[in-house]
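First the structure, in the form of C-alpha cells, and then the observations on it.
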Amino acid sequence: QTKPTMRRPPRRTFSEMKPRTRFVIKTFNKISPQGLERFRPEMYRIKPGEDQPPVAHAIMLRSHKIQDSDVPLTCRAIVRCGAGTNNCNVPRMTELGIPVFNTPGANANAVKELVLCGLLMASRGIYEGASHMTKLHAEGTAHERIEKDKAMFGGRELTGKTLGVVGLGAIGAAVLKAALDLRMEVVGFDPALSVDAALKLPGHRIRIVDSLEDLAKASDYISLHAPSNEHTNGMISTQILSQMRTDACILNFARGELVDEAALAHHFDNGGSGRYVCDFAVGPELSPRSNVIVLPHLGASTDEAEENAAAMAADTTALYLQTGTIRDSVNFPTTTLPARLDTVQRVCVVNENRPGMLGEILSVFGNAGINIVQQINTSKGDVGYNVIDIERLSTFDDVHFKSWDALQFLLTSLDGVKSTRYIYGTPASAKHAGYAVNFKGQVYGIGSVGGGPTLPSFGELLDEA
C-alpha cells in the first residue's frame, strides 16, 4: 500500500485565523431567505454556487443536479431542501465520506393538499369540465350549453370509498389522516415502516396490509408516497394493475419512476377506466389520453413548504457543522453525542465500516497519550462514523506528538479513514479548526481553516484517478 503523503496549501495558522473564521454555505437554486436567515451571520457566510466559491463547508440545494466538480474538498455535508435526493449522487458522496441530508416532512402539508386536489380531480370531471368551458367561452356558446353539457362530466363521491396509501412516512401519514376526515376507508402498505412512524398512525382507524397486491385489490384509489430506488421503480406493474378494480385511480405525487407507463397504457387499452393523476411529465404512451392528468411538479411549490424545507435544512446543517450530530441523513447513521464542555476538543472521523477500524482509530489517541472524555461509534451500510471528545491541551509537553496537525495527519492516514475534522469551542461558538480527507492514499487539507483555493474539487481528483 502506498504510504499516505500530505498536501498543505499556503495558509495562516488556526490561531491567526480564529477571530474571523466562519463556515461557508454554498447554495444552488433559490433557497428561501427565511431559511438562510437561520444561519447566524457571525458564524456563517452564504455564497451562491454560480459565484464558484473556492471554499464551502456545506452545500444546500433544491433541484440542482449536483456534479462532482461542484463539491470542493472542504465540503463536509450536502443538504437538499426536500425529501428526495435523486439529484445527488448519494453512492458517490458516500464513497467520498460526505453525508447527504434531506428534510423529510417539511413539505408534507403542501403535498397532502395537492393529493386531495388530485383525489377530487380523479373523482369528478373538474379538470375536463373546466377545459370544456374554456372552449365553449371561446366559441361564444357557454351560456346556452352549460346545463346541457354538464352530464358529460359526472363523477362519484369520495365518502365511503377506499384509499390505498403506499408509503406511510410523513406525507403518506398526512394523506391518510386527511382521507379519514373525508370519511374514506384507508388501507396502508409500507414494508420499510419504522417503529416511530408506526406509532404516529391512527392504527385503530386504518388497515395495514402485507403486500402491494392486497392493497391493489382493496382500493378505489391508490396514492403513491415511496422513494425512487431499485426496489420501488416500476412498482405499479402489470401484475399490480391486474389486481386493481377496473375503475380504480392512481395518484402519483412521489416519483414518476414508480409507475410502469407501458403497463399502465396496456391496462387502459384493455378496459381500465380509472384516471392517472401525476405530478411529473409522462411519455407518449400516456400523454394523449384524456384520463391522464399531468401537473408540473407542484407538490412542494408553496411559499410555506419552501420556507419549512429551507429552515429545516439550515438547522440540520448547523447542527452537524457545530456539533457533528447527524439526523435526517440518507447515507450516514443517526448520531448524537451530548454537548461538550469548552475544555475538550471534538474530533469527527468518517471511515469504512469494517472490523477493527474503531480500535485503530482509538489507538491513535492512546498511543499519543491523549485522554478520551467521551465517544460514540455508529455505522450505516459501508460507512462508519465516530464522534470523539478529547482533552484539549495547553501544551504538547506531555503527549507524543508535536501539533494537532501531526495528530490529524496520523489519524487521516489510517487505511479505511475517509475524512477527519476538529470542532473547536462549544456548540454555540464552534469553529472549523481543521478538515482532512484521505483520497486514494493522498491526504489533503491538514490543519487548514478554509482549505485554501489551491485544494482541488472532488471532481478534479476523480478525473485524475
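A helix-only calculation puts the chain at -8500 deg cm²/dmol for mean residue ellipticity at 222 nm, using -39500 (n - 2.57) for each DSSP H run of at least four residues, averaged over all residues. Scaled against 2.2 N^0.38 Å for its residue count N, the alpha carbon radius of gyration of the stretch 53-131 is 1.57.
Scaled to the globular estimate 2.2 N^0.38 Å, the Cα spread of the chain, given as radius of gyration, is 1.18. Taking packing as the residue-averaged number of other Cβ atoms within 10 angstrom, the listed peptides 143-153, 262-272, 165-175 run from highest to lowest as 165-175, 262-272, 143-153.
Solvent exposure of the chain, expressed per residue, is 46 Å² of accessible area, with all protein chains present and a 1.4 angstrom probe.
Going by accessible surface with a 1.4 Å probe and the largest first, 157, 113, 360, 230 read 230, 157, 113, 360. Protection proxy ranking of 194-203, 68-77, by the mean of other Cβ atoms within 10 Å over each peptide's residues and highest first, is 68-77, 194-203. Under 20 Å of direct C-alpha separation, and excluding same-chain neighbours fewer than eight residues apart, residue 150 reaches these aspartates and glutamates: 128, 139.
Compared with the dominant principal axis of the Cα atoms in the chain, helix 170-181 is inclined by about 30°. Under the combined filter of DSSP loop state and at most 16 neighbouring Cβ atoms within 10 Å, the stretch 393-424 retains these chymotrypsin sites (Phe, Trp or Tyr not before Pro): 396. Rolling a 1.4 Å probe over the protein heavy atoms of the chain, with every protein chain left in place, gives an accessible area that is 51 percent carbon and sulfur.
Separation of the alpha carbons by more than 32 angstrom is noted, of 200/418; 177/217; 112/217; 47/177, for 200/418; 47/177.
The values are calculated or read from the model by the stated rules, or taken from the named source; none is laboratory data. Here the structure is a predicted model, which means the values were calculated and not measured. Here Cβ is always computed from backbone atoms with ideal geometry, including for glycine, and neighbour counts include all displayed protein chains. Only protein heavy atoms, including side chains, enter the accessible area calculation; ligands, DNA and RNA are left aside. Shrake-Rupley method; radii C 1.70, N 1.55, O 1.52, S 1.80 Å.
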